[in-house]
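Enquirer: The structure that follows is given in the form of structure tokens.
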Amino acid sequence: MLGILKKIFDNNEREIQRYYKTVVEPTNALEAEVEKIEDLAAEYRRLKKEHLEGGRSLDELLPRVFALTRESAKRFLGMRHYDVQLIGGAVLHEGRIAEMKTGEGKTLVATLAVALNALTGKGVHLVTVNDYLARRDAEWMGPVYRGLGLEVAAIQHDTPPPERRKAYLADVTYVTNSELGFDYLRDNMALSPDQLVLRADHPMHYAIVDEVDSILIDEARTPLIISGPAEKATDLYYKLAEIAQKLERGEQPEPGERDKEPTGDYTIDEKQRHVQLTERGIEKAERMLGVKGLFSPENMEIAHMLIQAIRAKELYHRDQDYIVKDGQVIIVDEFTGRLMPGRRFGEGLHQAIEAKEGVKIERENQTLATITYQNFFRLYDKTAGMTGTAKTEEKEFQEIYGMDVIVVPTNRPVIRVDHPDLVYRTERGKFLAVVEEIAEKYERGQPVLVGTISIEKSERLSAMLKEPRYYLPRLEQRVEALKKELKNRSGGEWDELKKLLKRPANLKDEDLRRFDPLFEGAKGNLAYAWENFKIAVHTLGIIRKGIPHQVLNAKYHEREAEIVAQAGRSGTITIATNMAGRGTDIKLGGNPEYLAAALLEKAGFDRYQWKVELFVKKLLMGKEDEARALAGELGIGEELIEEIKRIKRETEEDEQRVKELGGLHILGTERHEARRIDNQLRGRSGRQGDPGSSRFYVSFDDELMRLFASDRVIAMLDRMGFDDSEPIEHKMVTNAIERAQKRVEDRNFAIRKQLLQFDDVMARQREVIYEQRRKVLLGQDEEVKEAALAMVEDTIAGLAENYLNPEVHPDDWDLAGLRTALVDFVPAFEGFDFEALRGMKAPEAQEAVVRFALEAYARREEELTPPIMRAVERFVILSIVDSAWKEQLHNLDVLRQGIGLRSYAQKDPFQEYKFEATRLFNEMVAFIKSESTKFLFRLQVDTEPPKPEVYVPVPKKPAPAEAQAGQGKEPPKRKPVRKEKKLGPNDPCWCGSGKKYKHCHGKVT
């Protein structure tokens, strides 16, 4: 009954049924017809014409374009879109998020929506999480697009601007989120159109975001920032790092203990990552720094730097949040475990960490341009996304991006077994249990993928698998537990066993077998202690023999993708940070395509060339005749064909063996703060209906549990006497974990929402500024002139209104002050008759002043010539806008840091921020207008750069007789006159023609 009700009221199920009727059935009905089309590209061009000229909508053309794309994939990739993949393509086309489990072919799904939306001719961006995936997917799916006559390109971190421009002009562009975001920001700092890389007409039309949860949620807390060096002393950071080390950490009083003061010099709120100095700490810091009033306005900068030094000491840990390599502090991405060279913590925190570690401090940077991912992707006309895990974050996607999540059904049912969590009292106990399970699975031959949350944890676990000494504490625990149970047993073999237990590290399995009869029929704690002891001895023996394993830390995407692709082979142990090798399928028994491609690459073939890929696909699919025909074209010899067939046989045999062992086992060593990340790790197993299993190990020392689990639960466990060696399986504990994760997810959503609230204020300002820049940069000459004249008019009119007040009698107008102010902007006002204004009414006088300024501008344009004047206008306006915007970003940053204090005055910090930000913006706009006016009139323009040395002949001309007498002889040497003076446009030209410089050699043709 419940199932029927769920189907009736489940919106997701209703949508899936709608897609079957409107997308899957019409597309399948066209398959036979499309198979007969010889030239798919010509048919695609016809559909494009129907859309652009015939007015047919993309929704009308969807079934036919999907059928064409499916046929192109069949012909050029040897792959056919499943029905559920057609649904995924339709979800993406509608600007929604398609949640599709790992192994369901999201890379292929994207081709459907991309091909359909490329009909507009405005370009489609497929956004990925790293360079390797951008290149791999563009090369892998390239044959499908080229089969339809579409141009595809990929942008990498080191792609130069001319190639970027060309790549963005392609129909389909594969690019990482950070490269795309930074290209947008750089385009809005460009000083000439040839510096732009995004399309000028439609820079942001349609984007499909791969791993959408990672990009739009995990990375959304950190805005994209382009910065330049700021003027700030760096030596002070070293001194403040020393002071931070001398200050002592204290504790906040418990809630309800109002009379108690916090202890120590400062307290830490680890949940919010905040530092609070106590009264004692402030006095101590002032004494060490030799300042009075640490938080007074003149010392605010030092106070901020000290807080950052304490944060660096307490909240940012080496080999967890960052590593030190070649004298540089490199950030470790908290979600991926990936190193992020070039990225720096903001607000002086990076410098504080550098000072703590004693490495060279890089100059602090000032923000030149910034945008959050939330506001960046909302600039697109349409955005869609795909991932394996998005449903738990649907609320955030709906509220911030207006995108809902559709869970696309799997092609085959998921049969993975997800075991309940095992919870240990301490982290050491947890890792020892993880080692035991890895050893047990390895001995059986079952492949294991171990997920960790940091590089440090990966390397710690790797060391435990290599070094038997790390496992000895567990063996000693088991020995003590067994001794306790043997206390009342004596005589014969019991005494012999007790003697052996004195040196347990040397024991082997065979040493214990003869004691098994003693425990036959034993029950309760005795039997349990004996079995656990035998497991410990056996595990130690396996570690001594060696457990081969790979450790991946998401540093080398391409190599790691190849290793992860083979993580499903029997006996393979792979330890990886949660995101290492993401985007790569793990096939049971190994991935024969990767192995075959690597073999061909070694033999000198391009593994990404579409015919090479098609050859591999056909051969592995058993279509040997077609494969051999392609091999003949490519020059692939018989030896290679036989080797690939052998690889196929081996992987198929191994796949069967792994399936019998239970498939790929996922072993999570810690719960992530987001359930999504845990689900992503689980999703690596059980693809396409394969068997698989998963289990998470948790301890109360884990950061998630330490910060968010209830102290009541921990206190209860301590009272019950749980130790390191015993896992806890209890509903209350499991619920505590889920509540902790939910709490963190809610907190992180609140942080991102607040970041977006504040950024929305900046976003509206950014839109105005960037639109103004774009008009000046790309507008027609008349539009640029109009913008410049408007600025001049507004500035001069504002000054005139200030001095020529209609409520003041003309005799009392401060005309001397007006003259000084106007001459500062427009030098031509030197010759203006200001006294004549007294005989006019205020509006007439104001109009006369503005009219004179505009006439002076017209004269300046005539003097410089219109083409030069337009160039000057563009240069002046863009330079001043950029300078003012940079200062505005700094002001907003400072404002935001201190705005929270206004809550003490019972004011809403956000409303106050909006009010102050608007005031600052209005001041900035006025500044841009006035500075532009000043520079437009006062900028010195060299229409032709002076030559390094100008030689002017002596003006005196020789007499005719002298000239004749000199014929045939060497002319007398004349001393050249070096001209140092810089020529103005109205100066006589240096050539001696008598003309003005601007009408002679200074003339611009």
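The values are calculated or read from the model by the stated rules, or taken from the named source; none is laboratory data. Because the structure is a prediction, the values reported are computed rather than measured. All Cβ positions, glycine included, derive from the backbone under ideal geometry; neighbour counts span all protein chains shown. Note: accessible area is taken over every heavy atom of the protein model, side chains too, but ligands, DNA and RNA are not part of it. Shrake-Rupley method; radii C 1.70, N 1.55, O 1.52, S 1.80 Å.
Enquirer: Would you point out the residue of region 373-414, among those that are out of contact with any strand residue (DSSP E or B) (no Cβ under 6 Å at 6 or more places or on another chain) and among the polar types (S, T, N, Q), that is most open to solvent (accessible area, probe 1.4 Å)?
Expert: Q398
Enquirer: Hey, another quick one. What number of residues within region 108-150 are in a helix (DSSP H, G or I), surrounded by fewer than 21 Cβ atoms within 10 Å (Cβ to Cβ) and touching a residue at least 60 places away in the same chain (Cβ under 8 Å)? Before the answer, list the steps.
Expert: Keep residues of region 108-150 that are in a helix (DSSP H, G or I), which gives 108-120, 131-147.
Checking which are surrounded by fewer than 21 Cβ atoms within 10 Å (Cβ to Cβ) leaves us with 120, 132, 135, 139-140, 146.
Subset that is touching a residue at least 60 places away in the same chain (Cβ under 8 Å): 120, 132, 139-140, 146.
Residues that pass the stated criteria total 5.
Enquirer: Okay, moving on. Give me the pairs: first residue in region 538-567 and of a type in the set (D, E), second residue modelled with pLDDT of 80 or more, beta-carbon distance under 6 Å, and six or more apart or on different chains, which are they?
Expert: E558/Y132; E560/L552; E562/Y594
Enquirer: Further, regarding this structure: Could you tell me which numbered condition I547 fails, if it satisfies all but one of (1) in contact with a strand residue (DSSP E or B) (Cβ under 8 Å, 6 or more places away or on another chain); (2) of a type outside the set (D, E); (3) exposed (fewer than 15 other Cβ atoms within 10 Å of the Cβ)?
Expert: If we test I547 against (1) in contact with a strand residue (DSSP E or B) (Cβ under 8 Å, 6 or more places away or on another chain); (2) of a type outside the set (D, E); (3) exposed (fewer than 15 other Cβ atoms within 10 Å of the Cβ), just (3) comes out false.
Enquirer: One residue is enough: does region 578-600 have a residue meeting the conditions hydroxyl-bearing (S, T, Y), under 22 Å from K101 (Cβ atoms) and at pLDDT below 85? Explain how you work it out, then say what you get.
Expert: Pass one, region 578-600, residues hydroxyl-bearing (S, T, Y): 584, 594.
If we keep only those that are under 22 Å from K101 (Cβ atoms) as well, we get 584, 594.
Those left that are additionally at pLDDT below 85: 584, 594.
Yes, because at least one residue in region 578-600 is hydroxyl-bearing (S, T, Y), under 22 Å from K101 (Cβ atoms) and at pLDDT below 85.
Enquirer: Restricting to region 762-804, name every residue that is within 29 Å of Q911 (Cβ to Cβ) and among the hydroxyl-bearing types (S, T, Y).
Expert: Y770
Enquirer: Follow-up. When you scan region 151-158, do you find a residue that is touching a helix residue (DSSP H, G or I) at 6+ places or on another chain (Cβ under 8 Å), under 29 Å from L40 (Cβ atoms) and in a helix (DSSP H, G or I), even just one?
Expert: Checked against the condition, which is being touching a helix residue (DSSP H, G or I) at 6+ places or on another chain (Cβ under 8 Å), under 29 Å from L40 (Cβ atoms) and in a helix (DSSP H, G or I), region 151-158 yields no hits at all.
Enquirer: Return a yes/no flag: does region 668-680 have any residue that is open to solvent by less than 10 Å² (accessible area, probe 1.4 Å) and farther than 26 Å from F749 by Cβ.
Expert: Checked region 668-680: no residue is open to solvent by less than 10 Å² (accessible area, probe 1.4 Å) and farther than 26 Å from F749 by Cβ.
Enquirer: Somewhere in region 875-896, is a residue farther than 21 Å from L368 by Cα and either touching a Cys at 6+ places or on another chain (Cβ under 6 Å) or open to solvent by 20 Å² or more (accessible area, probe 1.4 Å) (or both)?
Expert: So the first thing to find is which residues in region 875-896 are farther than 21 Å from L368 by Cα, and the list is none.
No; the residues of region 875-896 include none that is farther than 21 Å from L368 by Cα and either touching a Cys at 6+ places or on another chain (Cβ under 6 Å) or open to solvent by 20 Å² or more (accessible area, probe 1.4 Å) (or both).
Enquirer: So, in region 334-353, exactly how many residues are out of contact with any His (no Cβ under 8 Å at 6 or more places or on another chain), surrounded by fewer than 18 Cβ atoms within 10 Å (Cβ to Cβ) and either among the charged types (D, E, K, R) or free of Cβ contacts under 8 Å to residues at least 24 places away in the same chain (or both)?
Expert: Of the residues in region 334-353, 5 are out of contact with any His (no Cβ under 8 Å at 6 or more places or on another chain), surrounded by fewer than 18 Cβ atoms within 10 Å (Cβ to Cβ) and either among the charged types (D, E, K, R) or free of Cβ contacts under 8 Å to residues at least 24 places away in the same chain (or both).
Enquirer: Then there is this: Within the group R695, R719, R764, R739, which residue is modelled with pLDDT of 80 or more, in a helix (DSSP H, G or I) and out of contact with any helix residue (DSSP H, G or I) (no Cβ under 7 Å at 6 or more places or on another chain)? Don't jump to the end; show me each part of the working.
Expert: Details: R695 fails: in a helix (DSSP H, G or I); R719 fails: modelled with pLDDT of 80 or more; R739 fails: modelled with pLDDT of 80 or more.
Result of the check over R695, R719, R764, R739: R764.
Enquirer: Has region 205-216 got at least one residue that is open to solvent by 20 Å² or more (accessible area, probe 1.4 Å), in contact with a helix residue (DSSP H, G or I) (Cβ under 8 Å, 6 or more places away or on another chain) and modelled with pLDDT of 90 or more? Show your work before the answer.
Expert: Our first condition is that a residue be open to solvent by 20 Å² or more (accessible area, probe 1.4 Å); within region 205-216, this holds for 205.
Now restrict to residues that are in contact with a helix residue (DSSP H, G or I) (Cβ under 8 Å, 6 or more places away or on another chain): 205.
Subsequent filtering for residues that are modelled with pLDDT of 90 or more retains 205.
Yes, because at least one residue in region 205-216 is open to solvent by 20 Å² or more (accessible area, probe 1.4 Å), in contact with a helix residue (DSSP H, G or I) (Cβ under 8 Å, 6 or more places away or on another chain) and modelled with pLDDT of 90 or more.
Enquirer: Taking the residues in region 550-565 that are farther than 14 Å from T577 by Cα, in contact with a helix residue (DSSP H, G or I) (Cβ under 8 Å, 6 or more places away or on another chain) and open to solvent by 10 Å² or more (accessible area, probe 1.4 Å) as candidates, determine which candidate is modelled with the lowest pLDDT.
Expert: Restricting attention to region 550-565, the residues satisfying the condition of being farther than 14 Å from T577 by Cα are 558-559, 562, 565.
Now narrow it down to the ones that are in contact with a helix residue (DSSP H, G or I) (Cβ under 8 Å, 6 or more places away or on another chain): 558, 562, 565.
So of that shortlist, the ones also open to solvent by 10 Å² or more (accessible area, probe 1.4 Å) come out as 558, 562.
Numbers: E558: 62, E562: 74.
Selected residue: E558.
Enquirer: Criterion first (more than 30 Å from S454 (Cβ to Cβ) and crowded, with 17+ Cβ neighbours inside 10 Å) does L661 satisfy it?
Expert: On the way: more than 30 Å from S454 (Cβ to Cβ): no; crowded, with 17+ Cβ neighbours inside 10 Å: yes.
Against the criterion (more than 30 Å from S454 (Cβ to Cβ) and crowded, with 17+ Cβ neighbours inside 10 Å), L661 does not qualify.
Enquirer: Another question, if that's okay. Are there any pairs with C-beta distances below 9 angstrom linking a residue in region 797-813 that is at negative phi and assigned to a helix (DSSP H, G or I) to a residue that is basic (K, R) and open to solvent by 100 Å² or more (accessible area, probe 1.4 Å), with the two at least 6 apart or on different chains, and if so which?
Expert: Here the result reads P810/K841, each pair linking region 797-813 to a residue that is basic (K, R) and open to solvent by 100 Å² or more (accessible area, probe 1.4 Å).
Enquirer: Residues of region 159-193 being among the aliphatic types (A, V, I, L, M) and either outside any helix (DSSP H, G or I) or open to solvent by 30 Å² or more (accessible area, probe 1.4 Å) (or both), which ones?
Expert: Residues of region 159-193 that are among the aliphatic types (A, V, I, L, M), as a first pass: 167, 169-170, 172, 175, 180, 185, 189-191.
Those that are among the aliphatic types (A, V, I, L, M) and either outside any helix (DSSP H, G or I) or open to solvent by 30 Å² or more (accessible area, probe 1.4 Å) (or both): L169, A170, V172, V175, M189, A190, L191.
Enquirer: Can I ask one more? I'd like the residue in region 415-449 that is in a strand (DSSP E or B), open to solvent by less than 10 Å² (accessible area, probe 1.4 Å) and touching a Phe, Trp or Tyr at 6+ places or on another chain (Cβ under 8 Å) and, out of all such residues, is farthest from A576 (Cα to Cα). Steps first, answer last, please.
Expert: Quick first cut of region 415-449, residues in a strand (DSSP E or B) only: 417-418, 422-424, 448-449.
From what's left, open to solvent by less than 10 Å² (accessible area, probe 1.4 Å): 423, 448-449.
Applying the additional criterion that residues be touching a Phe, Trp or Tyr at 6+ places or on another chain (Cβ under 8 Å) yields 423, 448.
Details: V423: 21, V448: 11 Å.
Looking at residues that are in a strand (DSSP E or B), open to solvent by less than 10 Å² (accessible area, probe 1.4 Å) and touching a Phe, Trp or Tyr at 6+ places or on another chain (Cβ under 8 Å), I get V423.
Enquirer: Which of the residues belonging to region 453-506 are open to solvent by less than 20 Å² (accessible area, probe 1.4 Å), over 29 Å from L704 (Cα atoms) and not in a helix (DSSP H, G or I)?
Expert: Within region 453-506, just L501 meets the criteria.
Enquirer: Now for a separate question. Please report, ordered by residue number, the helices (runs of 4 or more DSSP H) entirely within region 233-330 with at least 3 residues that are at pLDDT 85 or above and closer than 30 Å to N553 by Cα.
Expert: Numbers: elements: 235-246, 279-289, 300-314.
Correct list: 300-314.
Enquirer: Determine the pairs where a residue that is farther than 14 Å from T933 by Cβ, located within region 865-880, has a partner that is among the basic types (K, R) and surrounded by 19 or more Cβ atoms within 10 Å (Cβ to Cβ) with Cβ atoms under 6 Å apart, the partner being 6 or more residues away or on another chain.
Expert: none
Enquirer: Out of the residues in region 159-196 that are touching a helix residue (DSSP H, G or I) at 6+ places or on another chain (Cβ under 7 Å) and among the charged types (D, E, K, R), state the one that is nearest to V129 (Cα to Cα).
Expert: By that ranking, first place goes to D183.
Enquirer: If we keep just the residues of region 859-894 that are among the hydrophobic types (A, V, I, L, M, F, W, C) and either over 20 Å from G779 (Cα atoms) or part of a loop (DSSP other than H, G, I, E, B) (or both), which is nearest to the chain's Cα centre (by Cα)? It would help to see each step written out before you state the result.
Expert: Quick first cut of region 859-894, residues among the hydrophobic types (A, V, I, L, M, F, W, C) only: 864, 868-869, 871-872, 875-878, 880-881, 884-885, 889, 892, 894.
Going one step further and asking which of them are either over 20 Å from G779 (Cα atoms) or part of a loop (DSSP other than H, G, I, E, B) (or both), we end up with 864, 884-885, 889, 892, 894.
Details: L864: 47, A884: 27, W885: 24, L889: 21, L892: 23, V894: 24 Å.
Per the criteria, the residue is L889.
Enquirer: As an exercise: evaluate T918 against (1) modelled with pLDDT under 75; (2) open to solvent by 50 Å² or more (accessible area, probe 1.4 Å); (3) among the β-branched types (V, I, T) and give the number of the one condition it does not meet.
Expert: (1)
Enquirer: Please list, ordered by first then second residue, the pairs with beta carbon atoms under 8 Å, 6 or more apart or interchain, first in region 643-659 and within 13 Å of G568 (Cβ to Cβ), second among the hydrophobic types (A, V, I, L, M, F, W, C) and crowded, with 17+ Cβ neighbours inside 10 Å.
Expert: T651/L595; D654/L588; E655/L588; V658/L588; V658/L664; K659/L588
Enquirer: Is at least one residue of region 591-613 free of Cβ contacts under 8 Å to residues at least 60 places away in the same chain, of a type in the set (G, A, S) and buried (at least 22 other Cβ atoms within 10 Å of the Cβ)?
Expert: Within region 591-613, one or more residues are free of Cβ contacts under 8 Å to residues at least 60 places away in the same chain, of a type in the set (G, A, S) and buried (at least 22 other Cβ atoms within 10 Å of the Cβ).
Enquirer: Please determine, by comparing only the residues of region 806-835 that are β-branched (V, I, T) and open to solvent by less than 30 Å² (accessible area, probe 1.4 Å), which one is farthest from A853 (Cα to Cα).
Expert: Residues of region 806-835 β-branched (V, I, T): 808, 820, 823, 826.
Subset that is open to solvent by less than 30 Å² (accessible area, probe 1.4 Å): 823, 826.
On the way: V823: 10, V826: 7 Å.
That would be V823.
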